[in-house]
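Report on the structure given below.
Values quoted throughout were computed directly from the atomic coordinates according to the rules given, and no laboratory measurement underlies them. Just so we're clear, the structure is a prediction, and the values are computed from it rather than from any experiment. Cβ atoms come from the backbone with ideal geometry, glycine included; neighbour counts cover every protein chain shown.
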Amino acid sequence: MTQETGGFAAFNLNPNILAAVAATGYEEPSAIQQQSIPIIMAGQDMIGQAQTGTGKTAAFALPILHCIDPAKREPQALILAPTRELALQVATAFETYAKQMPGVTVVAVYGGAPMGPQLKAIRNGAQIVVATPGRLCDHLRRDEKVLSTVNHLVLDEADEMLKLGFMDDLEVIFKALPPTRQTVLFSATLPQSIRAIAERHLRDPQHVKIQTKTQTVTAIEQAHLLVHADQKTSAVLSLLEVEDFDALIMFVRTKQATLDLASALEAKGYKAAALNGDIAQNQRERVIDSLKDGRLDIVVATDVAARGLDVPRITHVFNVDMPYDPESYVHRIGRTGRAGREGRALLLVTPRERRMLQVIERVTGQKVAEVRLPDAQAVLDARIKKLTNSLSPLVADAESTHGDLLDRLTADIGCTPRALAAALLRKATNGQALTLAAIEKERPLVPNSAPRGDRPERSGDRPDRGDRERRAPVPLAEGRARCRTALGARDGIAAKNLLGAILNEGGLAREAIGRIQVRDSFSLVELPEDGLEKLLAKLKDTRVAGKQLKLRRYRED
């Protein structure tokens with residue numbers, strides 16, 4: 001089932017929704033949107049097979065918002081997502097598309113946040129509920145009727161939910177929903193477990209399948225850099241020292257970030273300016289013209305402000321903030337490598353964003369190689385090279401024009417020509433560090449590129465199954481504590497189930513969790529020592545494969 005061209009207006013969506021879509025800068029629906037929106041608007045159940053980054057969030061958000069009655073202060077749509085991060089991302093998308101729909105409220109329900117405000121928001125009539133399965137089941141135990149008014153259910157990334165062990169939680173949620181609801185299921189793959197859900201819970205579903213091809217331009221050299229969120233500006237400044245660029249565009253998520261980063265760059269002597277939606281159109285045009293003619297070298301922009309930006313001299317794109325989806329990533333890096341030219345795109349990735357990097361690589365079909373921050377020697381060499389290039393043209397006739405002045409100054413000051421030259425260099429470089437030790441102090445800390453918790457290579461023979469319960473735990477890394485749960489292999493538990501539950505309900509980053517050892521009758525998990533008791537309290541009611549986790553500190557003595 002397809003939709004003729006004509007933009008989003010061809011779907012006959014609520015005009016307020018169309019206005020919000022137009023404000024985001026999107027003009028033409030993607031393939032998944034073209035096929036899915038009419039089906040969902042017609043109230044039919046649907047199975048959509050599509051990767052993240054194909055525009056599937058809008059594919060279900062727009063038609064569901066069209067069907068929402070703002071006058072009814074009760075939950076009308078439930079969107080289930082496997083992780084806290086995805087739930088927040090989907091909730092943000094709904095809020096964006098509902099900006100011009102007075103009375104429509106969205107609530108995100110996930111672990112790691114207080115339950116009280118979430119339940120209160122639902123009871124106060126939030127029409128859109130975006131939730132992770134585990135936390136939603138916690139709310140159902142408090143109020144089993146909380147979902148009784150839901151007319152639309154969406155399972156986003158259903159295959160990921162099952163990988164994380166949420167099958168039992170999903171069955172609990174299905175039972176709590178009205179049988180007359182519309183159900184829409186999105187999944188990148190359709191294993192037998194997903195087909196079984198569809199057979200039990202969907203009514204004569206329509207099928208939509210989107211094949212994703214490599215979208216990025218091969219002429220663009222892509223790389224990523226791991227960096228802590230609070231050290232992005234330092235990392236950007238380090239990269240600029242060694243990257244040989246003509247013009248460069250940096251992408252950030254917020255208007256304020258464009259101003260802050262542009263100001264930091266200007267303070268370091270770069271010709272930079274901000275570009276965001278709050279800047280008047282005539283001023284935006286002046287910024288772009290300045291980038292084209294060389295009065296500016298760097299523009300820091302949001303996605304909306306940079307749509308359609310075409311400046312041939314842009315050689316580099318820095319994704320300072322991770323884009324919300326691969327589609328945006330492809331659009332961003334397409335600002336360089338124009339008309340067959342070569343370009344370079346760098347993506348800054350925080351430890352929490354590693355999963356999104358994997359999604360980008362999967363959807364685009366291209367590996368984004370990892371690079372490291374330039375070391376102190378590389379920065380020093382780059383600074384000396386710039387200084388050399390700036391001074392070389394001045395040396396030819398300097399002695400004839402300023403030789404006498406040099407003699408007088410050395411006499412008046414009482415110093416050698418070498419000392420005077422060094423003083424002038426210090427002034428010319430404005431106190432910039434030009435020694436390895438000083439530059440090393442400036443460099444930001446960089447996260448470990450390898451995810452923690454990877455198992456070291458085994459030495460000797462692997463113990464037999466019967467020895468598993470008796471073998472001693474491996475030594476703990478500094479700053480970690482070992483915790484124990486009575487759930488083990490005989491309960492159908494795998495390490496990925498424990499990992500998913502702790503990531504989802506505990507609000508931790510993946511690299512914060514160390515080794516997970518699943519034994520027959522129990523499991524051991526390494527968690528951060530700092531804040532452990534608070535974390536265990538958060539995880540108190542967490543369920544894995546339908547059973548309570550009951551994680552507690554493990555005493556090895």
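When both bridge partners sit in the chain, DSSP labels roughly 20% of those beta bridges antiparallel.
For the range 34-144, the relative contact order comes to 28 percent (Cα pairs under 8 Å, sequence separation of at least 6).
Listed peptides 223-229, 132-138 appear in the order 132-138, 223-229 once ranked by packing, highest mean of other Cβ atoms within 10 Å at the front.
Were the residues from Arg286 through Leu406 laid out at 0.36 nm apart, the gain over their Cα-Cα distance would be 38.8 nm.
Nothing charged except the Cβ atoms of Lys and Arg (+1) and of Asp and Glu (-1): what's the magnitude of the dipole of the chain about its Cα centre? Round to the nearest 20 debye.
In debye, rounded to 20, the chain gives about 1580.
Between amide H atoms placed 1.01 Å from N, distances below 5 Å from Leu185 occur with Met46, Ile47, Gly48, Leu155, all of them 5 or more places distant or on a separate chain. Bridging of Lys292 to aspartates and glutamates at a Cα separation below 15 Å is possible for Asp246, Asp310, once same-chain residues fewer than 8 apart are set aside.
For the range 234-269, the list of trypsin sites (Lys or Arg not before Pro) that fall in a loop by DSSP and count at most 11 other C-beta atoms within 10 angstrom is empty. Remark: the chain projects, on average over all directions, an area of 33.9 nm² (convex hull of Cα atoms). Over the range 377-442, the fraction of Cα-Cα pairs per 5 Å bin, rounded to whole percents and listed from the shortest bin up, is 3, 15, 19, 23, 17, 12, 8, 3, 0. Normalised by residue number, the volume inside the convex hull of the Cα atoms of the range 146-226 is 160 Å³ per residue. On the basis of the beta-carbon distance and an R0 of 25 Å, Ser390 and Arg313 show a calculated FRET efficiency of 0.75.
Across the chain, C-alpha contacts under 8 Å between residues 6 or more apart give a mean separation that, scaled by the residue count, equals a relative contact order of 14 percent. Debye-formula intensities of the range 220-373, expressed as log10 I(q)/I(0) at q = 0.13, 0.16, 0.18 Å⁻¹, are -0.53, -0.83, -1.08 (one equal scatterer per alpha-carbon, no solvent). Computed from the C-beta positions of Ala223 and Met41, the FRET efficiency with R₀ = 41 Å rounds to 0.50. With respect to the cross-link table entries Lys175/Lys540; Lys271/Lys386; Lys145/Lys540; Lys232/Lys255; Lys56/Lys209; Lys496/Lys547, which display a Cα-Cα separation exceeding 21 Å? Table pairs above 21 Å Cα-Cα are Lys175/Lys540; Lys145/Lys540.
Rank-order 257-266, 149-158 by packing density, defined as the average count of other C-beta atoms within 10 Å over each peptide's residues, highest first.
Packing proxy ranking, top to bottom: 149-158, 257-266.
Can you tell which of Ala20, Ile384, Ala131 lies farthest toward the positive end of the dipole of the chain, using +1 and -1 charges on the Cβ of basic and acidic side chains (Lys, Arg; Asp, Glu)? Final value for the positive-end residue is Ala131. The range 89-133 and the range 342-407 have Cα centres separated by 44 Å.
What does the charge add up to near Leu549, with Lys and Arg as +1, Asp and Glu as -1, over the other residues with Cβ less than 9 Å from its Cβ?
Taking every Cβ under 9 Å from that of Leu549, the sum is +2.
Dipole size of the range 377-442 about its Cα centre, with +1 on Lys/Arg Cβ and -1 on Asp/Glu Cβ: approximately 260 debye, rounded to the nearest 20.
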